[in-house]
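Worksheet: the structure to be examined is printed underneath.
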Amino acid sequence: MIRLRTPHEPEARTGAKRDLGWSGYKVHLSETCEPDAPHLITHIHTTPAPVNDDAVLEDIHSALAGRDLVPDEHLVDTGYVDAEQIHHARRDHGIDLVGPIGKITNREQVTGGFFDNTHFAVDWDQRQAVCPGGHTSVQWRDAQSHRGTPVTRVRFAERHCGPCELRTSCTNAKSGRNLTLRPRAEHDILQQARVEQDTDHWRRRYGHRADVEGTISQGVQAFGLRRSRYRGLARTRLQHHFTGAAINLARIDAWLTGRPLARTRVSPFAALRPTG
């Protein structure tokens, strides 16, 4: 994904006069990453700048499916991935979506002094959960999150949480502990993904995604991808497709003529790092 600037279109407002400003778009690039073939751009998706990255992933997968270019694995950065996206990619397209799940940001959970959802045994069939202290939930109900997505609300009784010796590590609420769970499939995916992404195997697997940063750099420095030549989303999108085609032609030529890939640039500051 790359953000770019493009001339702002004047407002269609009678009598209104405004200076020419700047508005932004984003372009999302998908490319192949097989080691024994040229890395070619397979899809380009252009959106207005405020559109979240995860909101375009389904459109990208559907477009790839429409041209029989669905990958077995799709390596993405953290802005594109969460448990819902991983689940939908597997269910709808058979794609294994690989990317870092967002880290826990609650200060108490980060320091390890607080029981997050992973410390609770969840029995989806019996519709109940058991806390680290061995107490069973007293309420299980289906609800919706603030985004309108389905969640499960679980509550533990005050009579159990009040005298519990683990209370300081579990909740500071006057009533009992409450949990909010994603749907079962997403909950299981989230727990598994957070464990896997801390392994060396996952890091080596995800490391192949770094090549797309070189594609973005090539697009910006050699093909003017950062700046739109036109006004409007439709024309900017067309420019991006021409740019992607030009990058592919340059890469095919380099592959056929045996020209090696450029070495990754090392900043002067990074060059000072000891090699030992």
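Across all Cα pairs in segment 165-209, the calculated P(r) in 5 Å bins from zero up to the longest distance comes to 5, 17, 15, 12, 15, 17, 8, 7, 4, 1 percent per bin.
Simple spin-label estimate for Gln197 and Ile216 gives 1.6 nm between the two label positions (7 Å along the Cα-to-Cβ direction from each Cα). Summarising the amide proton neighbourhood of Val151: residues at separation of 5 or more, or on other chains, whose placed amide H is nearer than 5 Å comprise Ala143, Gln144, Ser145. Sequence gap at least 6, Cα distance under 8 Å: using those rules, report the relative contact order of segment 107-183 to the nearest whole percent. This gives 25 percent for segment 107-183. Amide H to amide H, with H built 1.01 Å from N, Glu73 comes under 5 Å of Asp96, counting only residues 5 or more places away or on other chains.
Placing a pseudo-label 7 Å from each Cα along the Cα-to-Cβ vector at Ser62 and Ser145 gives an inter-label distance of 2.1 nm. Can you give me the pair-distance distribution of segment 37-83, C-alpha pairs, 5 Å bins, whole percents? Reading the bins upward from 0: 5, 16, 28, 27, 16, 6, 1.
The alpha carbon gyration tensor of segment 182-232 gives principal lengths a ≥ b ≥ c with a/c of 1.5 or higher and a/b no greater than b/c, which makes the shape oblate.
In segment 107-183, the alpha-carbon atoms span a convex hull of 101 Å³ per residue. Scalar couplings 3J(HN,Hα) for segment 208-221, obtained by applying the Karplus form with A = 6.51, B = -1.76, C = 1.60 to θ = phi - 60°, are 5, 5, 4, 4, 5, 5, x, 5, 4, 4, 4, x, 6, 7 Hz; x denotes Gly and Pro.
Between segment 196-227 and segment 33-82, the alpha-carbon centres lie 13 Å apart.
Each value in this text was obtained by applying a stated rule to the coordinates, not by laboratory testing. The shown structure was predicted, so the numbers you read here are calculated from the model rather than taken from an experiment. We place every Cβ from the backbone using ideal geometry, glycine too, and count neighbours over all the protein chains shown.
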